[in-house]
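Asks: If you scroll down you'll find the structure; I have some questions about it.
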Amino acid sequence: MSNVIHLTVSDRQHEMTVKEYRRHRVITFKDVDSVHNRPEGHARKRFNDNKDRFVEGKHYFVVKPGDLQMSGIRTSEINNRGTIVLTQSGYLRLVKTFGDDLAWDIQDILIESYFQVQQNPQPDPTLDHERLNVDKAKVLVEIGKHFPEISGSAKQVLASVATEFVTGQRLIELPKTEAKYKAGEIGKILGITGNMVGRLANEFGLKSDEYAEQVLDKSAHSSKMVPNWLYNESALKQFHEIARKKGIRIYKKGVKTH
């Protein structure tokens, strides 16, 4: 629900809708022009002429149409590229460029009647979401530390997802994907047990970077995450060849070797 403040400025009655963004009370260029009785576009020009003196996040914010944490401003008032809103410190810095006594008087009115009367600020959902993402990233980093034996590509996935949680961008590319098989899946293809696949992998050195990678997987017997081997297509071919050389004949129930 919008909140309107009534101001008396140089014997003029002025209504101003309260606007808040990220727990800051803010003001638009249009508001500044209206309260200071300046032609439309004056405040924006003064800002652009001195933009190097303003710091985003401190003196102003750029609000996009999809920003849900903005209250008091209609979406139609926000252009697609973003609309600049000034904080109290940004407004004070802007007024310095106006250079007249009336501007200073109006500034005092706005500070006392608008900026300094903010009550019961609402929690910023954006900050809560950002903290949650940072916590998620920390969990992924800890997983990588707790299981040093997992493969390089698995660690690359953890790092990629962690950085995306924190920055919102994929700064580390995910490794190229190819078909991967668990021991049980290879066992079904060959008609042997998953345990035998593991024994053959140990016997013929297939638990290596060339043929497999170690990842974290949910335990079949608990909710814990445990290391597990995934085998690639090259490994599958090796298993086929090993089975042929060892003369493994497959029956529906179990395995017979001859």
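Asks: If we sort 186-192, 30-36 on the protection proxy, mean other Cβ atoms within 10 Å, highest first, what's the order?
Replies: Result, highest mean Cβ count within 10 Å first: 30-36, 186-192.
Asks: Something else now. Holding the Cα-Cα limit at 27 Å, pick out from K138/K237; K30/K51; K30/K64; K19/K51; K180/K246 the pairs that are longer than that.
Replies: Exceeds cut-off: K138/K237.
Asks: Enumerate the amide H contacts of Y60 below 5 Å, restricted to partners 5 or more residues apart or on another chain; note that Pro and chain-start residues carry no placed amide H.
Replies: HN-HN under 5 Å from Y60: V55, T87.
Asks: Figure the gain on full extension for S89 and Q116 (residue separation times 0.36 nm, minus the Cα-Cα span) and round it to one decimal in nm.
Replies: Numbers: separation 27, 0.36 × 27 = 9.72 nm, distance 1.17 nm.
Stretched fully, the S89-Q116 segment lengthens by 8.5 nm.
Asks: If you don't mind, there's one more thing I want to ask. Calculate, in nm to one decimal, what H240 and E185 gain on full extension: separation in residues at 0.36 nm each, minus their alpha carbon distance. Don't jump to the answer; show the numbers that get you there.
Replies: Details: separation 55, 0.36 × 55 = 19.80 nm, distance 1.32 nm.
Net length gain for the segment: 18.5 nm.
Bear in mind that the values in this text are calculations on the coordinates, not laboratory data. Because the structure is a prediction, the values reported are computed rather than measured. All Cβ positions, glycine included, derive from the backbone under ideal geometry; neighbour counts span all protein chains shown.
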